[in-house]
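The structure appears below as structure tokens.
We did not get these values from a lab; they are worked out from the coordinates using the rules stated. Model, not experiment: these values are computed from the prediction. Cβ coordinates were reconstructed from backbone atoms using ideal geometry, including for glycine residues, and neighbour counts include every protein chain displayed.
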Amino acid sequence: MARVTALDVAAYMIQLANEIDENDLTNLKLQKLLYFAQGRYLAKTGTPLFDEEIEAWQYGPVVRSVYNEYKSCGAFPITLFDLGSDYQELPEDIKTFVKAIWDEYGRFSAGYLVNLTHEQGTPWSRHFQSSGGGVIPKDELRRYFQKNA
């Protein structure tokens with residue numbers, strides 16, 4: 001596999017969500033999980049998990065390509081039938097990393113994760129408050145998650 005995309009990581013998270021009885025993985029929740037995965041991966045390796053930018057939207061961080069892929073699901077859980085990408089080719093070390101993020105954050109509601117991303121001093125809060133949106137720089141994500149690991 002050449003590159004890991006945010007859609008690939010999202011597809012694996014959707015698979016993980018569909019393995020549990022109470023799948024509550026909405027697009028809103030998925031976006032927050034991608035933010036935590038990208039931030040933690042940057043902090044751990046110094047390189048991005050995926051190349052796509054994360055933007056500061058009103059309800060928190062968003063990867064636009066993933067949002068667009070699953071926006072038709074609205075506020076409903078995303079199921080395997082909705083999958084727009086294939087996670088099967090993800091390297092095992094990436095799957096292990098993403099599973100650890102899922103195990104840590106996947107049990108929380110979308111609302112709780114929104115509150116985490118909206119806390120004072122987070123990369124989202126700094127960018128949304130200063131410019132009303134825009135891209136959250138990867139270097140800022142890395143520094144924040146290294147400091148708050």
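Between Gln88 and Trp57, the distance separating the two model label sites (each 7 Å from Cα on the Cα→Cβ line) works out to 3.0 nm. Here Cα extents along the principal axes in Å was calculated from the structure, and among (i) 35, 35, 30; (ii) 43, 38, 31; (iii) 39, 31, 24 it sits at label (iii). Multiplying the residue separation of Thr96 and Ile20 by 0.36 nm and subtracting their alpha-carbon distance yields 25.6 nm.
Estimated from helices alone, the mean residue ellipticity of the chain at 222 nm is -16000 deg cm²/dmol (sum of -39500 (n - 2.57) over DSSP H runs with n ≥ 4, per residue). In percent, rounded to a whole number, the relative contact order of the stretch 6-147 is 39, using alpha-carbon pairs under 8 Å and six or more apart. Restricting the stretch 48-149 to GluC sites (Glu not before Pro) that sit in a DSSP loop and have at most 15 other Cβ atoms within 10 Å of their own Cβ leaves Glu89, Glu119. For a label point 7 angstrom out from the Cα of Phe76 toward its Cβ, which stretches of the stretch 7-42 have the backbone nitrogen within less than 18 Å? Label zone hits: 14-15, 17-19, 22-30. With all pairs of different C-alpha atoms in the average, the Kirkwood value for the hydrodynamic radius of the stretch 95-149 is 12.5 Å.
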